[in-house]
Amino acid sequence: MEKRRLGRSGLSIAPLVFGGNVFGWTADEKTSFALLDAFFEAGFNAVDTADVYSSWAPGNKGGESETIIGKWLKQSAHARDDAVIVTKVGSELGPDRKGLSRRWIMQGVEDSLRRLQTDHIDLYLSHWPDPETPYEETLAAYDMLLAEGKVRAIGASNLDAAQLRDALDVSATKGLPRYDVLQPEYNLYDRASYDGPLRDLSIAEEIGVITYFSLARGFLSGKYRSHKDLEGSVRGGGVEKYLDGRGMRILGVLDEIAEETGAKPAEIALAWIVAREAVTAPIASATNLDQLASLVKSAKLKLSEEAIGKLNDVSA
């Protein structure tokens with residue numbers, strides 16, 4: 001499996017990242033172990049999680065995903081050095097357990113390391129912008145973690161172009177480490193927030209990009225085509241916005257290319273992202289081995305220029 005350099009971070013990843021948001025939510029521990037085993041055996045090496053995953057599930061409080069990954073790392077035949085573990089800090093876990101202050105980052109990283117049962121995090125991301133904490137304070141905290149070897153590289157999720165530019169400027173003027181990786185929402189339907197100034201800045205600054213909601217919360221799999229399809233689905237509320245004319249046109253082109261190639265709509269949607277300039281890899285999750293096999297196919301699928309053109313046009 002080809003590996004792609006993740007910006008200037010020094011990390012290299014295969015062109016697909018496993019989304020660990022499902023661990024402890026729609027995938028129990030046993031299923032999660034089987035999925036991780038199969039993912040790594042297929043030649044992939046990166047897993048994305050966060051301290052807050054999966055606090056939204058009934059009975060959960062956050063940390064469940066990291067805990068499962070940590071248990072897997074301990075019992076797995078795959079060496080820790082083979083894995084690129086991505087996790088995040090900043091989402092709210094409690095009144096005083098949120099944001100990007102030095103105090104919370106220093107506590108949050110120790111909590112994540114304990115749950116992951118490891119001595120280092122490969123890529124540590126600021127999960128959300130924190131308007132109450134100066135970039136200098138946040139980046140100085142990361143500087144300490146990098147120096148101590150507890151973190152190998154840093155990045156940020158959910159920044160716009162102006163915010164990323166400001167953070168990069170602080171790094172340059174204060175001699176602090178910079179965000180080398182960006183994690184934006186990006187898929188065939190949701191292109192506006194990344195394509196444009198943010199994408200241009202990422203290219204100019206050689207920033208690695210791993211995209212989340214790469215399948216638009218499952219909509220681009222084609223299994224949700226009406227409000228009736230959402231009944232009983234845990235993703236119902238998040239998918240509803242895609243059930244409009246534009247969404248249906250995108251599904252129509254995915255169906256057309258699926259008919260021509262024999263690939264599934266989800267595989268085509270992910271292959272489109274893999275082929276995009278300024279994207280290192282999409283994040284996608286699976287809850288069973290059949291879905292995982294489809295993810296593996298997506299990373300190997302080469303779309304024709306004509307197919308890519310059609311997808312670019314319908315999703316513009």
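The values are calculated or read from the model by the stated rules, or taken from the named source; none is laboratory data. Predicted, not measured: the structure shown is a model, and the values here were computed from it. Cβ atoms come from the backbone with ideal geometry, glycine included; neighbour counts cover every protein chain shown.
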* Asked: What number of residues in region 5-36 are in contact with a helix residue (DSSP H, G or I) (Cβ under 8 Å, 6 or more places away or on another chain) and in a helix (DSSP H, G or I)?
  -> 9
* Mind listing whichever residues of region 149-165 are charged (D, E, K, R) and assigned to a strand (DSSP E or B)? => Arg152
* Asked: Out of curiosity, is Ser9 crowded, with 20+ Cβ neighbours inside 10 Å, hydroxyl-bearing (Ser, Thr, Tyr) and touching a residue at least 60 places away in the same chain (Cβ under 8 Å)?
  -> yes
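Every residue, every condition in (1) in contact with a Leu (Cβ under 6 Å, 6 or more places away or on another chain); (2) over 27 Å from Asp166 (Cβ atoms); (3) surrounded by 14 or more Cβ atoms within 10 Å (Cβ to Cβ), yes or no:
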{"site": "Tyr212", "(1), (2), (3)": "no, no, yes"}
{"site": "Leu215", "(1), (2), (3)": "no, yes, yes"}
{"site": "Ser233", "(1), (2), (3)": "no, yes, yes"}
{"site": "Gly238", "(1), (2), (3)": "no, yes, yes"}
{"site": "Lys241", "(1), (2), (3)": "no, yes, no"}
* To do: Scan Pro177, Pro197 and give me the residue that is more than 30 Å from Val253 (Cα to Cα) and surrounded by fewer than 23 Cβ atoms within 10 Å (Cβ to Cβ).
  => Pro177
* Hey, among the residues in region 104-130 that are aromatic (Phe, Trp, Tyr) and under 15 Å from the mean Cα position of the chain (by Cα), which one's farthest from Val151 (Cα to Cα)? -> Trp128
* **Selected residue [closer than 19 Å to Arg80 by Cβ and under 14 Å from the mean Cα position of the chain (by Cα)] from Asp48, Asp37** => Asp48
* To do: Quick one: which helices (runs of 4 or more DSSP H) lie wholly within region 181-288 and hold at least 1 residues that are within 18 Å of the chain's Cα centre (by Cα)?
  => 197-204, 236-239, 265-274
* To do: Take Leu36 and decide whether it is under 26 Å from Leu182 (Cβ atoms), modelled with pLDDT of 95 or more and touching a Pro at 6+ places or on another chain (Cβ under 7 Å).
  => no
* To do: Show the residue pairs that are 6+ apart or on different chains and have beta-carbon atoms under 7 Å apart, the first residue being within region 143-154 and modelled with pLDDT of 95 or more, the second being among the charged types (D, E, K, R).
  => Arg152/Asp122; Ala153/Asp122; Ala153/Asp180; Ile154/Asp180
* Asked: Of these, Val109, Val52, which one is among the β-branched types (Val, Ile, Thr), within 25 Å of Ser214 (Cα to Cα) and in contact (Cβ under 8 Å) with a residue 24 or more places away in the chain?
  -> Val52
* Asked: Here are some residues: Arg115, Arg103. Which one is basic (Lys, Arg) and under 27 Å from Ile13 (Cβ atoms)?
  -> Arg115
* Quick one: in region 265-313, which of the residues that are in contact with a Ser or Thr (Cβ under 6 Å, 6 or more places away or on another chain) and either modelled with pLDDT under 95 or surrounded by fewer than 18 Cβ atoms within 10 Å (Cβ to Cβ) (or both) is nearest to Lys30 (Cα to Cα)? -> Thr287
